[in-house]
1. Sort 193, 62 by Cβ crowding within 10 Å, fewest neighbours at the top.
2. Between 173, 40, 185, whose Cα lies farthest towards the positive end of the dipole of the chain when Lys and Arg beta carbons carry +1 and Asp and Glu beta carbons carry -1, centred on the Cα centre?
3. What's the FRET efficiency of residue 190 with residue 35 using the Cβ-Cβ distance as r and R₀ = 41 Å, to the nearest 0.05?
4. With Rg and the Kirkwood Rh both taken from Cα atoms, where does Rg over Rh land for region 40-218?
5. Quick one: Cα centre-to-centre distance for region 36-82 and region 129-169, in angstrom?
6. Distances longer than 19 Å among the Cα atoms of region 157-216: what percent of all pairs is that?
7. Can you list the lysines whose alpha carbon sits under 22 Å from that of residue 198, skipping same-chain ones fewer than 8 residues off?
8. Could you sort 123-129, 217-223 so that the peptide with the highest average Cβ count within 10 Å comes first and the rest follow in order?
Amino acid sequence: MNNTDNDQNEIKEIFSMTPDGVERAISVLWDECKRRASSCEMCALYATRKTVVFGEGDESSKLMFIGEGPGESEDESGRPFIGRAGQLLTQILQAAGIDRREVYITNVVKCRPPGNRTPLPEEEAACDALLQTQILLIKPAIMVLLGSTPTKWILKTTEGITKLRGRWFDWRGIAVMPMFHPSYLLRYSSDKKQGGPKHLSWLDIQEVRRQWDLVRETGMTEGLNFGR
């Protein structure tokens, strides 16, 4: 049997898979992705990490949050967004009526950059296959990009988060909303005035919640003005 015959047989197997078979295949892909992440040495961050922080949450959720990278608390525990910024993110979600357990949360890079510095482009590139696989397996309808790093990486833009936050973008058929990173909000914790970072983030998460409700009710987002 030649390679063409093998390829055709594999294609036939894919199209003849039952729903249970598809679920098992997805589960195998998740396990393989996590296994590769746990032993990854594709960039220099592996040498200083304590734990790979892969991601957590509902792997079938239609709402996905992507941050920059793990901090000290995350590096210790292996869980994303559990330090001060993560606690604030949980509070923001709760205030908007979003259960953290019902969404999926990850970062652009899975290992902590030394001193919590911004990940280097080569570090982001080294982790990109893992991130793209997570997105492919989850198939979110909505992605929230927390801060400048994931916004620039996903949207391939040089514009800052202040200009892009609160706007919807179409990325490969997924509705994407950049928001301020919770760590940025911590620096303005006393600034509660209208038009300030906390107020703007509240408006943004309410819009995300509105669209997520639509997705859960109808299976799709509605009335988005992309890029505006």
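Rule-based calculations on the coordinates, nothing more; no lab input. Quick caveat: nothing in here was measured; it's all calculated off a predicted structure. FYI the Cβ positions are ideal-geometry reconstructions off the backbone, even for glycines, and counts take in every protein chain you see.
1. Result, fewest neighbours first: 193, 62.
2. Positive-end residue among those listed: 185.
3. Here the calculated transfer efficiency is 0.40.
4. We get a ratio of 0.94 for region 40-218.
5. 16
6. The share of Cα pairs beyond 19 Å in region 157-216 comes to 34 percent.
7. Reachable lysines: 152, 163.
8. 123-129, 217-223
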